[in-house]
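S.K.: Just dropping this structure here.
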Amino acid sequence: MPASPRVLIADDEPALAENLVAELAALWPEATLLPAVYDGQSALDVIDDAADGQGPDVVFLDIRMPGLSGIDVARELSQREVRPLVAFVTAYDQFALDAFEQAAVDYVLKPVQTERLAETVKRLKDRLGTRLSDNVNAPAVTDPAQTLAELVERLAGLQGAAQTRATPQGGYLRFIKALVGQEVRFIPVDDVIYLEATDKYVNVVASSGESLIRTSLRDLLTQLDPEHFWQVHRGTVVNVAHVSSAVHLSLGRLGLKIRGRTETLPVARQYAHLFRQM
């Protein structure tokens, strides 16, 4: 394994990318963490523009990114004889996780859990060691191009099918409209921290404050991107970009810590699998 392996993170959500950088810095102190990029094309540019021997040894790829997705980047890398190891970053998707497991390809779930990431780092270290013992420029034995290529095509098919099934006509909401006094406020969905049902209303908790809107949580949830908005309780939906960690509460229950806030959101048992180590 290189003395200081170079690691690149590609994720279109800067907050999540920064969180992953911080976690990796603690778990893999000997690694050199390259500046994160926020789209697939930038990831390829970093890989292609690196001087000999200075490119990333490991790339963490978010599956969904604007322009070239993580799947597109992995497809391109799978065709190269010399390429970095790939670890995918994804929101919970059982079909995708099954594909990862069958192909023995590393993945990290959003929001990132330290225990799971530690396992991924250990496997990546082992694979880098295997690569070095064989040939410093050879593809890793445990990450053959054919396996990666087959996985990429399977993921592309799953992603296309999911978008066909789930995306509402006209796309997902970009703003939530809330009537406050005599004005209608447009709340960017990226600023929404979580949603909670209250009687016939939904309380929208955002970075700018709280607002009540007259709709059902069920109807609103169908209009939000499931990659980012997860139901964690019968009356609670959280934007995972704002989750800092999942913690154990009493009686074996889980709770979610929110960046910059003091409250802990409880996770119902039927949704606990979203946050437990896979």
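Derivation of every value follows stated rules applied to the coordinates shown; laboratory data play no part. Fair warning: this is a prediction, and the values are worked out from it, not measured in the lab. FYI the Cβ positions are ideal-geometry reconstructions off the backbone, even for glycines, and counts take in every protein chain you see.
S.K.: Between Asp219 and Arg253, how many nm apart are label points set 7 Å from Cα along the C-beta direction?
M.R.: So the label points at Asp219 and Arg253 sit 3.0 nm apart.
S.K.: Something else: What are the lysines whose alpha-carbon lies under 29 Å from the alpha-carbon of Lys125, with same-chain residues fewer than 8 places away excluded?
M.R.: Cross-link targets: Lys110.
S.K.: Here is a follow-up. Order these peptides, 241-249, 209-217, by their mean beta-carbon neighbour count within 10 angstrom, highest first.
M.R.: Numbers: 241-249: 17.3, 209-217: 14.2.
Descending packing order for the listed peptides: 241-249, 209-217.
S.K.: Note down the net charge around Asn239, summing +1 for each Lys or Arg and -1 for each Asp or Glu among other residues with Cβ under 9 Å from its Cβ.
M.R.: On the way: positive: none; negative: Asp190, Asp191.
Once all neighbours under 9 Å are counted, the net charge is -2.
S.K.: For every other residue with a beta carbon closer than 11 angstrom to the beta carbon of Asp72, add +1 if it is Lys or Arg and -1 if Asp or Glu, then tell me the sum. Spell out each step's value before the answer.
M.R.: Numbers: positive: Arg64, Arg75; negative: Asp39, Glu76.
Its environment carries a net charge of 0.
S.K.: Using a 7 Å offset from the Cα along the Cα-to-Cβ direction at both Arg269 and Thr198, what is the distance between the two label points in nm, to one decimal?
M.R.: Once both label points are built, they end up 2.9 nm from each other.
S.K.: Figure the gain on full extension for Glu210 and Ser4 (residue separation times 0.36 nm, minus the Cα-Cα span) and round it to one decimal in nm. Intermediate results must be reported in sequence, preceding the final value.
M.R.: Working: separation 206, 0.36 × 206 = 74.16 nm, distance 4.58 nm.
Answer, rounded to one decimal: 69.6 nm.
S.K.: Considering only the other residues whose Cβ falls under 13 Å of the Cβ of Thr32, what net charge follows from Lys and Arg at +1 and Asp and Glu at -1?
M.R.: Around Thr32, the surrounding residues sum to -1.
S.K.: Next question. What size of dipole, in debye to the nearest 20, comes out for the stretch 175-274 about its Cα centre when the only charges are +1 on Lys and Arg C-beta atoms and -1 on Asp and Glu C-beta atoms?
M.R.: 320 debye
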